[in-house]
Every structure is written in structure tokens, then in C-alpha cells.
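Mind having a look at this structure? Questions to follow.
None of the figures in this text is laboratory data; all of them are computed from the coordinates on show. None of the values given here were measured: they were computed from a predicted structure. Because the Cβ atoms are built from the backbone with ideal geometry, glycine has one as well, and the counts that use them run over all protein chains shown.
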Amino acid sequence: MSAPGQAGSQAAPRVGVIEPGSAVVVGTGLIGTSVALALREHGVTVWLQDRDPQAAKLAAGLGAGTELPAGGPPDGPADIVVLAVPPAAVAAELARAQSRGLGTGYTDVASVKALPLRQARELHCDLASYVPSHPLSGRERSGPAAARADLFLGRPWVICPLAENDADVISLVTGLSVACQAQPVQMSAAEHDQWVALVSHAPHAVAAAMAARLELAAPGALALAGQGLRDVTRIAAGDPGMWQQILSANAGPSGRVLRQVAADLQHAAAALDRVADGDDLAGKDVAELLERGMAGVSRIPGKRGGPPRDFAIVQVIIPDRPGELARLFQAAGDAGINIEDVGIEHSSGLPVGVAELSVRPELAGQLCAVLAAEGWPVRR
């Protein structure tokens, strides 16, 4: 183990953080391989294991580490064992890894915490050395080929300490999150499951419900699809099998949020029915939902968990050709202007699209002038 690191997170204190020098990653999908890649960039020795030998081989080929020998790490137990498996499989994998003595400390990165913890207790796992955790980051794609070393950069990494935990193992799991460039946050397993139902699990089901409306849609309707539809349905492209497991593992909290969303939608639908029947005043009920939605969006934290910021939007027309977006970013970079966020509106069949660049308000005028001088059609 390396020496304790420096402190400084508002949520999880980093005093006494122990960054791992070696790790075993069990499960080489998107999250597990991304953890391994991040650790390798940090100089950590990483061993890889997966039920699918080809997945572990692919992850190793990507530079995520070395396939774990049958006898375990050659130099003895690793500092940390990361269980990157579905929630329902965590406890069994934990029991298996502990019986083999693969590590000094153990954690999992599943997106549900109460179920694995309950099952680990039932299997009489050693809870002194097991600290549940969860990095809140991901992609629509799955598998080791989709992994990225920077997947957790600036993202929250929830750590759920237990009364039975050894203090050094809590520090070690915190160090794991720091080594992956995440922001450690401590809370109970119950709090975690309640909150991720609101910010992750139920939103996926809502996106899937909207995307399901498109299954039998006429091709002509889909040809009109714009960025709004793509934004709402983007995450619905995630692996259905994986998300079924996640929603089932966190069924209670996720179901409660979905019932609340359904009630809002039913109320809005009833109001629109009354509007269609000539009751113009019923539109106020719809406006109330839209206003509540705007208020909710304003509460979402900004980059890296900071406070929300209002950015100015600069719209730029870009040709639908390779390299145009890179040229646009280069022009902004040459002017010393940081692009805080970007969205692209592009309808199928059109030769151009619209890039919406988010910048600090005081820089919007400068960016417009710079881009216009280089021939880009722009508007604010």
C-alpha cells in the first residue's frame, strides 16, 4: 500500500487515505475495465478475472492489467479486490474471493448496495474487510471495449462504511476512488439506494418508456426526430439485461419514484384531454408541471459536483463533414475560450447541423466575434 494521501473533499474526508499499490478486478465489463485502466494509469499493479476468459483477455489486451493466475496474485494478496459484477452476484463473488484470500480489502462497484450487503451477511462474509461502494458513471455501451481510463474523472464515488469495517479498509476504498480521479462521498447503503433510484434507475426506465413509443412509429415520424427526442431517449440504449437486474435489485425505491412520475404524467394527460375538449384553463396544470421541471433542472449540480452555473449558448452552423467539429473547437481554443459543454442538433439528410456551445456569459460575445471572423455562421 502507498502512503496516505492528501485530504480535501467536502463529502468524504481524505485524511488517512491509503491508495492501493495492487488490485484484483473481478469482472471486466465497462466499469471493471475502466477501473483497471484508471488504476494502471496511476501505477497500480492490476490483475484481471472474469467468468468469460475472452473478456478478461480483451481487457488485458487494452492495457488494463494482467490475467489473474489460478493461484491468485503471485506476490500474495492484493491491496484491494474490486468486484465489478451485477448486484445479485456480488455476495457470492465476495465469499469466493475471500475464501481464496485474494486481497486485504474488498469492495464492489454495483449500482445497488442494500441487496449485496444483505446477501453478504447471509453468506457470513467477512464484513471487516468489505466496504460497499459505487462510482456514479457509465456509458450507453457495455463491455471492455467501451472502457475508458477517465470514466470516473470528477464523478461521485459513493462509499458506504459499515459498523463492522476495519478503518484501514475504508481508507483503502477511499484511496481507490481517489486513484480513479473520482470524488469520494460517504453515505449509508439505504440512503444510496433511495437516491440512485431518483437520479439513475428511474430515469432509465422513463427513457425506455419514451423510446418504446417509437417501436411502431411510422418512418415519416422518425425522420422528424430532433435533438430533444435523442436527449430524452439516449440512455435507453443501455443493455436491457443489465438494467433489468439493476431495477429488480433496487425495486422498492425505483418503483416509488416511477409511481410519482406516472402520477405527474397522468395528471398532465388528463389536463391535455380537457384542453382538447375546449377547457383552455386546464392548460395551467400542464404549465405547472413544466415550471416544476424547470425548477428541478436548475438544481442539478454543475461540472464535477459544483454548484449549477448559467452558461451562454452560442449556436454555430457546421457542415456535415469530417473534421468540422474539431476545427470549431480549435478556433475556440486558439482564442483561449473554454467550451463548457456542447450539443449538436442534426436532422437526417441535411448537409449541415447546429453546434450549441456553452461558454461563460462574459465570453459569449468574444466567441461569436472570433468564429464570425473565421467564416462560421453564428447566433446567440
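Using 0.36 nm per residue of separation minus the Cα-Cα distance, give me the extension gain between ILE317 and ALA145 in nm, one decimal.
Between ILE317 and ALA145, full extension yields 58.6 nm more.
Output the peptides 270-279, 368-377 sorted from most to least packed, where packing is the average of other Cβ atoms within 10 Å over each peptide's residues.
Averaged packing, sorted descending, gives the order 368-377, 270-279.
Could you compute the net charge surrounding ASP285? Neighbours are other residues with a C-beta less than 13 Å from the C-beta of ASP285; K and R count +1, D and E count -1. Walk me through the numbers before you get to the answer.
On the way: positive: ARG274, LYS284, ARG292; negative: ASP264, ASP273, ASP279, ASP280, GLU288, GLU291.
Around ASP285, the surrounding residues sum to -3.
Which net charge results when you count Lys and Arg as +1 and Asp and Glu as -1 among the other residues whose beta-carbon is under 12 Å from that of VAL44? Could the numbers behind the result be given before it?
Values: positive: ARG40; negative: GLU19, GLU41, ASP79.
Its environment carries a net charge of -2.
Could you work out [θ]222 nm for the chain from helices alone, using -39500 (n - 2.57) per DSSP H run of at least four and dividing by all its residues? Round to the nearest 500 deg cm²/dmol.
My calculation for the chain gives -12500 deg cm²/dmol from helical runs alone.
Just order 158-170, 224-236 by mean Cβ neighbour count inside 10 Å, highest at the front, would you?
Ranked from most to least packed, the peptides come out as 158-170, 224-236.
When Lys and Arg each count +1 and Asp and Glu each count -1, what net charge do the other residues less than 15 Å away from ASP126, Cβ to Cβ, add up to?
Working: positive: ARG96, ARG100, ARG121; negative: GLU93, ASP108, GLU122, GLU164, ASP166, ASP168.
My count for the surroundings of ASP126 gives -3.
Search the structure for amide H atoms under 5 Å from the amide H of GLY105, placed 1.01 Å from N in the peptide plane, and list their residues when 5 or more places away or on another chain.
Those lying under 5 Å, H to H, from GLY105 are ILE80, VAL81.
Quick check on the chain: of the DSSP beta bridges with both residues there, what percent are antiparallel, nearest 5%?
If we restrict to bridges inside the chain, about 50 percent are antiparallel.
Could you order peptides 213-223, 143-153, 312-322, 66-76 by the average number of other Cβ atoms within 10 Å of their residues, highest first? Don't skip to the end; give the middle numbers.
Values: 213-223: 8.6, 143-153: 18.6, 312-322: 14.6, 66-76: 13.0.
In decreasing order of mean packing, 213-223, 143-153, 312-322, 66-76 become 143-153, 312-322, 66-76, 213-223.
With the cut-off at 1.5 for a/c, could you classify the range 189-286 from its C-alpha gyration tensor as rounded, prolate or oblate?
Since a/c reaches 1.5 but b/c is at least a/b, the shape of the range 189-286 is classed as oblate.
Loop only per DSSP, at most 13 neighbouring Cβ atoms within 10 Å: give me the trypsin sites (Lys or Arg not before Pro) in the range 33-142, ordered by residue number.
On the way: sites: ARG40, ARG51, LYS57, ARG96, ARG100, LYS113, ARG118, ARG121, ARG139, ARG141; in loops: ARG51, LYS113, ARG139, ARG141.
Here the trypsin sites (Lys or Arg not before Pro) that fit, given the DSSP loop and packing criteria, are ARG51, ARG141.
Now for a separate question. Let me know the charge dipole size of the chain about its Cα centre in debye, to the nearest 20, where only the beta-carbon of Lys, Arg (+1) and Asp, Glu (-1) is charged.
Computed charge dipole of the chain: roughly 180 debye.
Mind running the shape call on the range 22-187? Use the C-alpha gyration tensor, a ≥ b ≥ c as the square roots of the eigenvalues: rounded below 1.5 for a/c, prolate if a/b tops b/c, oblate otherwise.
It is rounded, given that a/c, with a ≥ b ≥ c, falls under 1.5.
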